[in-house]
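In what follows, a single structure is set out as structure tokens and then discussed.
Please treat every number below as a calculation from the coordinates, not as lab data. These figures come from a predicted structure and were not determined experimentally. Cβ sites come from the backbone with ideal geometry, for glycine too, and all protein chains shown count toward neighbours.
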Amino acid sequence: MRKAFCFAIAVSLFSLSAFASSYVLSAPKWGKQQNDAVANAGGTVQFSHAASGLAVATSDDPGFLVRVLASSAITSGDEDVVMQWQAPLKTVDISEASVNPSNDIFYPLQWSLQAVEAPGAWAAGYTGAGVRVAVVDGGLYANHADLAGNVDVAHSASFVPGFAFNQDVGTFWHATHVAGIIAARDNSTGVVGIAPGATIIGVKVLHNGGGSFGAVIRGIVCSSDSIADGGAGADIINMSLGAVFPKSMGNGPLVGALGKAVAYAGSKGVLVVSAAGNNGLDLGQSGNLISVPADSSNGLAISATGPVAWAYGATNLRRIASYTNYGEGTISLAAPGGDFVYPGNENCAVPVTPTAFVVAPCWVFDMVLSTSRGTSAAGSYSWAAGTSMASPAAAAVAALIKQKYPNISLGALKNRLANSADDEGPNGHDQFYGRGFVNARRAVTQ
């Protein structure tokens, strides 16, 4: 089965010579003709995906790429690039000593749930149950008290050599935070996700924030294939990762291959939701700059909003965040990503029960609270801000729609997500909100 093959490839890559280079290659389809072309050019196929025509090959011969591209079997390719993909701009941990495992004590701090009107969707009976969301990201801590049971461990995978899907470094673990925004369980513990009944698939393509184009591409196509075909069987893919670089860098084949992977997901009816990026750029007028995967094929790019002084009662939850990328032709929708521009540094004490308070600098409460790795077996919780937090909020709303309409087409899913969004900012489609700010309640009730 292809899934077992994907795992075997991750192990074999770890044993490669330090002098071998990795290449991302593309063809209309991938089969014997392409395998022979790689072998004849002096390379070894490490991963191939027949339906998408995408593959990763290695070679220690500096002339490999020229020779393989001279073959009529291979239409494009380039040497793979390992990049440091964009992380949240700010993260702040909650002291683990303050974590009370006996109830959803942090729910009152989750302003993002109110921003998208998630309780209205829950009241209508929709939690994302039965919907599968792949978190194509870093390591995901599946044993977190708020995630355990909602992660399909059997179909989770790693495409980073030498690491399992549930391994990473530090105490934050980006994918764990993203997963909690989508589907932290309504289990009387910690926080609640927007789609607390959805199933998460952990797909590790980054380690400590870094990873290759090839790993991201493999994560997308393997997530998109059905379980029967050896894939992960995702309905929705969330990619809270991104990179902005000049088109003149010559990475066109890699960008094209990433776009082809996203298009393949679309051909399988899988919705790909991506973070727009945190550079404050107008991507509609960026000229030589490109942002991926925000600009990749038929996926959705999500911009971020966040309040200023929420701890003092501010209600501007849909205010465009200070850092978010924007731009006509790129932004599809907006969702809560948090912010950190409140000018003071004094502490605020925000009640979470009639007798308990969380004390932190007031600006911290303007960020998005979710699950994180921490140091304990049960995991912990952290605030973070970035379009990395906005993308999973939109993906979670899509999961609610998918639960209500299990057989909905990809086009109809996108339209319902957009048509149920609230038209913030200038009337109609605009460069900051795209087609609007996602609304969970309206998505399943209108």
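From its DSSP helices (H runs of at least four residues, each -39,500 (n - 2.57)), the chain gives a residue-normalised ellipticity at 222 nm of -7500 deg cm²/dmol.
In this simple spin-label model, placing a label point 7 Å from the Cα along the Cα-to-Cβ direction at both Glu328 and Ala164 gives a separation of 5.1 nm.
Projecting the Cα positions of Val359, Gly428, Ser322 onto the charge dipole of the range 84-445 (unit charges on Cβ atoms of Lys, Arg, Asp and Glu, taken about the Cα centre) puts Gly428 furthest along the positive direction. Charges were assigned to the Cβ only: +1 to each Lys and Arg, -1 to each Asp and Glu. The resulting dipole of the chain about its Cα centre is roughly 900 debye. When the chain is treated as a GNM with alpha-carbon contacts under 10 Å, the residue of Gly180, Gly299, Gly313 showing the greatest mean-square fluctuation is Gly313. Summarising the label geometry, the points placed 7 Å from Cα in the beta-carbon direction at His429 and Thr353 lie 5.0 nm from one another. Put simply, the amide H of Val358, placed in the peptide plane, has neighbours under 5 Å in Val350, Val352, leaving out anything fewer than 5 places away on its chain. Within the set [x] 293; [y] 133; [z] 166, the number that volume of the Cα convex hull per residue in Å³ takes when calculated for this structure is listed as [y]. Structure note, pairs Lys90/Lys268; Lys268/Lys404; Lys204/Lys268; Lys32/Lys204; Lys260/Lys414; Lys247/Lys414: Cα-Cα distances above 25 angstrom occur for Lys90/Lys268; Lys32/Lys204; Lys247/Lys414. Candidates Gln403, Phe437, Ala384 compared by Cα position along the dipole of the range 356-443: farthest toward the positive end lies Gln403, with charges placed on Cβ.
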